[in-house]
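Below you'll find the structure, written out as C-alpha cells, and then a few comments.
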Amino acid sequence: MAAAVAAPELRCVGFVGAGRMAEAIAQGLIRAGKVEAQHVLASAPSDRNLCHFRALGCRTTHSNQEVLRSCSLVFLATKPHILPTVLAEVAPVVTSEHTLVSVVAGVSLSTLEEEGAMVMARGRHAGRNDAELLQTLLEACGQCEEVPEAQVDIHTGLSGSGVAFVCAFSEALAEGAIKMGMPSGLAHRIAAQTLLGTAKMLLQKGQHPAQLRTDVCTPGGTTIYGLHALEQGGLRAAAMSAVEAATCRAKELSRK
C-alpha cells in the first residue's frame with residue numbers, strides 16, 4: 001500500500017480494475033454505509049465488469065486516469081500481469097494527496113466475504129492515519145488486521161485459499177453423512193452450519209481450537225473415535241501442507 005503522509009478526505013472511492021474483487025469491496029463499503037454508491041468510481045477497459053458496478057449505483061469510466069483525478073482513495077484491483085502497465089499510465093496524475101491500495105497480488109475474492117478476514121501492509125509513505133482509514137473501511141467487509149508485508153502471502157495461503165480447503169472439508173463431512181443414509185441437501189446444510197457455529201464459538205470465546213476440541217470430546221464417546229479416524233487419514237498434516245503450498249505459490253506469483 002502506497003499512501004500520502006496525511007489521510008485524505010474521503011469524498012470519492014475509486015477502483016482501477018472492476019473485477020469481482022473490486023466489486024466485493026465496493027459492495028461491502030456501500031452496504032455498511034461507509035460510502036454512498038454515487039461516490040464510487042470504477043474503471044475498466046470494457047463494459048463487461050463495469051455493469052456490476054452500475055447495478056450497485058456506482059459511476060463508471062473507461063479512463064484509469066479519471067479515477068485518480070476524481071478520487072483520493074483508489075483501490076488497484078487489476079490482474080497481476082496488467083498492473084505494471086496501469087501504474088505507468090496513472091503515474092502522471094498521482095499526487096501526495098492520494099492513497100493507493102493494491103489488492104492485486106494473490107488475493108482471492110473469498111477473503112472479502114461477509115465472514116472473511118483481510119490483512120494490510122503499509123508502504124513507505126503510508127502513515128498511521130492512512131492505515132486507520134483503510135482498516136475502518138475494510139472492516140465493513142470482514143475482519144481486517146495490519147501485518148508486516150512478509151505475512152501477506154501467508155494470509156493468502158491461510159484465508160484466501162483456505163476457503164476452498166474449508167469447502168472441501170465441509171463437502172467431505174456431508175458425504176460421510178450421506179454415506180450413512182442422510183439426504184444430500186440436509187447433510188450439506190448441517191455440515192455448513194456446524195462449521196459456522198464452530199467458527200463463531202472460536203471467535204467469540206477467543207479459545208485455542210485445541211481447547212474447544214477437548215471440551216466436546218468425552219472419554220469413550222463418538223467424537224474421539226471420529227478424531228482417531230481423522231488422524232489416521234492424515235488430516236492435520238494435509239491441512240498444514242495445503243497452506244504451505246498455497247503460500248509458496250502466492251510468493252511465486254508476487255515475484256512474477
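So the values come out like this:
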read-out	value
Region 32-78-region 191-239 distance, computed between alpha-carbon centres (Å)	43 Å
Förster-model FRET efficiency, 35 Å R0, L212 and S241, C-beta, rounded to 0.05	0.90
Where labels lie 7 Å past Cα in the beta-carbon direction, separation of Y225 and T194 in nm	1.4 nm
Residue order, fewest to most beta carbons within 10 Å, for I30, I154, I224	I224, I154, I30
For peptides 39-49, 212-222, 88-98, sequence by mean Cβ density within 10 Å, most packed first	39-49, 88-98, 212-222
Relative packing of peptides 22-29, 226-233 - highest average C-beta neighbours within 10 Å first	22-29, 226-233
Evaluated over region 160-255, the Cα radius of gyration and Dmax, each in Å	15.5, 50
Per-pair calculated FRET efficiency, R0 = 25 Å: K34 and A55 via Cβ, rounded to 0.05	0.85
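Computed from the coordinates by the stated procedures, all read-outs in this text should not be read as laboratory data. This one's a predicted model, so the numbers in the text were calculated from it and none came from an experiment. Note: ideal-geometry Cβ built from the backbone for every residue, glycine included; neighbour counts use all protein chains shown.
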